[in-house]
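A.B. asks: Sharing a structure, written as structure tokens. Questions coming.
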Amino acid sequence: MRIRLLHRGAVLFSVAIALGGSAAGAAGSEASAETNAAAIDTVWVLLAAFLVFFMQAGFGMVEAGFIRAKNTCNILMKNWLDYCVASIMFFLVGYAFMFGRGNGFIGLSGFGLSEAENPSGVPIWAFWLFQAAFCGAAATIVAGGMAERMKFPAYLMYTVVVSAVVYPIIGHWAWGGGWLAGLGFGDFAGSTVVHTTGGCIALVGTVLLGPRIGKFLTNGKKRRARAIPGHSIALAALGVFLLWFGWFGFNPGSTLGVSGPGQAESAALVAMNTNLAAAAGAILAMVTAWILYGKPDTSMTMNGALAGLVAITAPCAFISPVASIAIGAIGGIVVVFGVVFLDKIGVDDPVGAVPVHMMNGIWGTLAVGLWGQEALGLARDGLFIGGGAEQLGVQALGVTAVALFAMATMGIVFFLIKATVGLRVSKAEELRGLDIGEHGMEAYAGFQIFTTT
């Protein structure tokens, strides 16, 4: 009897140990799954940040290719320093203004990332790097529009202000819990926050700078735009491919993870829409230029791809693939006619920064209100989906406010710079080239690249 009781006790003890071990194992497996998910999301955001950073090389190559050889060092230096200055300023104050606790206009906590807010599900260091790369991209857009005649010190001063104050405030409105976010404004990856902001500032800057020497010819009262060809379509083409590649970090990476419910599917849809819009933009820009000029212009085609990428950046997560083709195609048409329009009104934009980024940033933002879907995460359905014009109205309000704020604030900044250190180099320096005048070196040493325009 005693042996039988001992046996039963041993059996019950073994069962208890087994059940306890199973419960502990289940809890451990659950904790392990959460840890793995967090690690996967962190790697996803870091890889996206690296791709967005690599877009700086793309911007550099595009802008260098589309300008003259005598200014190559200068434009590359601006692209380098854009990211360097943006990184420091976004760490010190920009992140706080963008994501800190504050009000609907600006964040006011987390300076230097001290006790900073983290709205993402990944470590704040990864989230900061991703957002800092976006800040650098917004700053570097302006370099192309003001290329070949702006003083380097003046450009550095501009970069400090835009990356520390202007871009973060606009980012707070849409992504940091600001007043636009409260209205349900949709800008998934930055057609407004990044591209419209950069493009509007480029427009103000290039108007205040005035056109390059020899860009516009006058005959009596008539003014005619003269093409000033860039020195390397090959460099520009490489830059476009690099930017297209980097955009797969820019847009899909904005999901900020792939482990959560629906995140992986959303990232895949975003990547597909991004690619389709770029392709459609390139094709329609080529066709439009072919009709207007009788030739399939290479530079217009490349800018068409970039136009499609800019236009799809806001709606990429909220629309169907068919809609992405339409948005990219219209973007390709917009960029060609945008270049024509600027030439007619006497605005000299050497690389097409305004048509690509401002005009198509606005178009992409409005497209959210046309094709956006509530089922894909938007606040409400767009006009073409049966949701009426409410979302379109919110989008129009948001992009208008951003454009006016960016142009007004940076217009004041440029005016102050012009009145103090000056915006534009001398005529002699512009003719000789900014590489020698500003940096004391040449991008192509040993080659005769001096021109009289």
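A.B. asks: For the stretch 80-102, which positions are under 18 Å from ARG149 (Cβ atoms) and surrounded by fewer than 24 Cβ atoms within 10 Å (Cβ to Cβ)?
C.D. replies: LEU81, the sole residue that qualifies.
A.B. asks: Looking at the stretch 116-130, I want the residues that are under 18 Å from ILE88 (Cβ atoms) and have a partner that is among the charged types (D, E, K, R) with Cβ atoms under 9 Å, at least 6 apart or on another chain. Which pairs are those?
C.D. replies: These pairs meet every condition: ILE124/GLU117.
A.B. asks: Something else: Would you mind finding the one in ARG212, ARG223 that is in contact with a strand residue (DSSP E or B) (Cβ under 9 Å, 6 or more places away or on another chain) and touching a residue at least 40 places away in the same chain (Cβ under 8 Å)? Quick ask: steps written out before the conclusion?
C.D. replies: Values: ARG212 fails: in contact with a strand residue (DSSP E or B) (Cβ under 9 Å, 6 or more places away or on another chain).
When all the criteria are applied, what remains is ARG223.
A.B. asks: Next up: Consider SER254 carefully, then state whether it is polar (S, T, N, Q) and crowded, with 20+ Cβ neighbours inside 10 Å.
C.D. replies: The answer is yes for SER254.
A.B. asks: What is the one condition in (1) in contact (Cβ under 8 Å) with a residue 40 or more places away in the chain; (2) over 17 Å from the mean Cα position of the chain (by Cα); (3) more than 19 Å from GLY332 (Cβ to Cβ) that LEU276 does not satisfy?
C.D. replies: (3)
A.B. asks: Do we find a residue being without any contact (Cβ under 8 Å) to a residue 24 or more places away in the chain, among the polar types (S, T, N, Q) and closer than 20 Å to ILE327 by Cβ anywhere in the stretch 366-373?
C.D. replies: No, there is no match, as no residue in the stretch 366-373 is without any contact (Cβ under 8 Å) to a residue 24 or more places away in the chain, among the polar types (S, T, N, Q) and closer than 20 Å to ILE327 by Cβ.
A.B. asks: Does the stretch 297-315 include one or more residues that are in a loop (DSSP other than H, G, I, E, B), surrounded by fewer than 22 Cβ atoms within 10 Å (Cβ to Cβ), at pLDDT 95 or above and not β-branched (Val, Ile, Thr)?
C.D. replies: yes
A.B. asks: Now for a separate question. Within the stretch 361-452, which helices (runs of 4 or more DSSP H) (wholly inside it) include 1 or more residues that are over 30 Å from ILE170 (Cβ atoms)?
C.D. replies: Once the helices (runs of 4 or more DSSP H) in the stretch 361-452 are filtered for at least 1 residues that are over 30 Å from ILE170 (Cβ atoms), what remains is 427-432, 434-439.
A.B. asks: Taking the stretch 105-129, which residues are outside any helix (DSSP H, G or I) and either under 23 Å from TYR158 (Cβ atoms) or polar (S, T, N, Q) (or both)?
C.D. replies: Within the stretch 105-129, PHE105, ILE106, GLY107, SER109, SER114, ASN118, SER120 meet the criteria.
A.B. asks: Also, quick follow-up: Would you confirm whether any residue within the stretch 163-177 is polar (S, T, N, Q) and farther than 24 Å from LEU269 by Cβ? Give the derivation first.
C.D. replies: Of all residues in the stretch 163-177, those polar (S, T, N, Q) come to 163.
Checking the rest, the ones that are also farther than 24 Å from LEU269 by Cβ come to 163.
Taking every residue of the stretch 163-177 in turn, at least one turns out to be polar (S, T, N, Q) and farther than 24 Å from LEU269 by Cβ.
A.B. asks: Taking the options ILE291, ILE283, ILE319, name whichever one is hydrophobic (A, V, I, L, M, F, W, C) and not in a helix (DSSP H, G or I).
C.D. replies: Numbers: ILE291 fails: not in a helix (DSSP H, G or I); ILE283 fails: not in a helix (DSSP H, G or I).
Criteria check complete, one pass: ILE319.
A.B. asks: Now a separate question. Answer yes or no as to whether GLY205 is surrounded by 20 or more Cβ atoms within 10 Å (Cβ to Cβ), under 30 Å from LYS151 (Cα atoms) and touching a residue at least 12 places away in the same chain (Cβ under 8 Å).
C.D. replies: yes
A.B. asks: Check whether at least one residue in the stretch 133-146 is surrounded by fewer than 24 Cβ atoms within 10 Å (Cβ to Cβ), within 22 Å of MET55 (Cα to Cα) and touching a residue at least 40 places away in the same chain (Cβ under 8 Å), and report yes or no.
C.D. replies: We begin by selecting, within the stretch 133-146, every residue surrounded by fewer than 24 Cβ atoms within 10 Å (Cβ to Cβ); these are none.
Taking every residue of the stretch 133-146 in turn, none turns out to be surrounded by fewer than 24 Cβ atoms within 10 Å (Cβ to Cβ), within 22 Å of MET55 (Cα to Cα) and touching a residue at least 40 places away in the same chain (Cβ under 8 Å).
A.B. asks: I would also like to ask the following. Could you grab me the full set of residues in the stretch 377-394 that are more than 20 Å from ALA329 (Cα to Cα), in contact with a Phe, Trp or Tyr (Cβ under 7 Å, 6 or more places away or on another chain) and crowded, with 17+ Cβ neighbours inside 10 Å?
C.D. replies: Listed by number, the residues that qualify are LEU378, VAL394.
A.B. asks: To continue, here is another question. Filter the stretch 403-447 for residues that are polar (S, T, N, Q), surrounded by 12 or more Cβ atoms within 10 Å (Cβ to Cβ) and over 25 Å from the mean Cα position of the chain (by Cα) and give the result. Break it down stepwise before answering.
C.D. replies: If we filter the stretch 403-447 for residues that are polar (S, T, N, Q), which is where we start, we get 409, 420, 426.
Okay, now just the ones that are also surrounded by 12 or more Cβ atoms within 10 Å (Cβ to Cβ), so 409, 426.
SER426, the sole residue that qualifies.
A.B. asks: Looking for whichever is over 14 Å from GLY253 (Cα atoms) and among the polar types (S, T, N, Q) here; the options are SER266, SER299. Which one fits?
C.D. replies: SER299
For every residue, the table says whether it meets (1) modelled with pLDDT under 95; (2) touching a strand residue (DSSP E or B) at 6+ places or on another chain (Cβ under 6 Å); (3) more than 21 Å from ASP82 (Cβ to Cβ).
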site	(1), (2), (3)
LEU108	no, yes, yes
PHE152	no, no, no
ALA181	no, no, yes
HIS195	no, no, no
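A.B. asks: Right, here's the next one. How many residues are aliphatic (A, V, I, L, M) and assigned to a loop (DSSP other than H, G, I, E, B) when one looks only at the stretch 220-245?
C.D. replies: The total comes to 2.
The values are calculated or read from the model by the stated rules, or taken from the named source; none is laboratory data. Note that this is a predicted model, so its numbers are computed, not measured. FYI the Cβ positions are ideal-geometry reconstructions off the backbone, even for glycines, and counts take in every protein chain you see.
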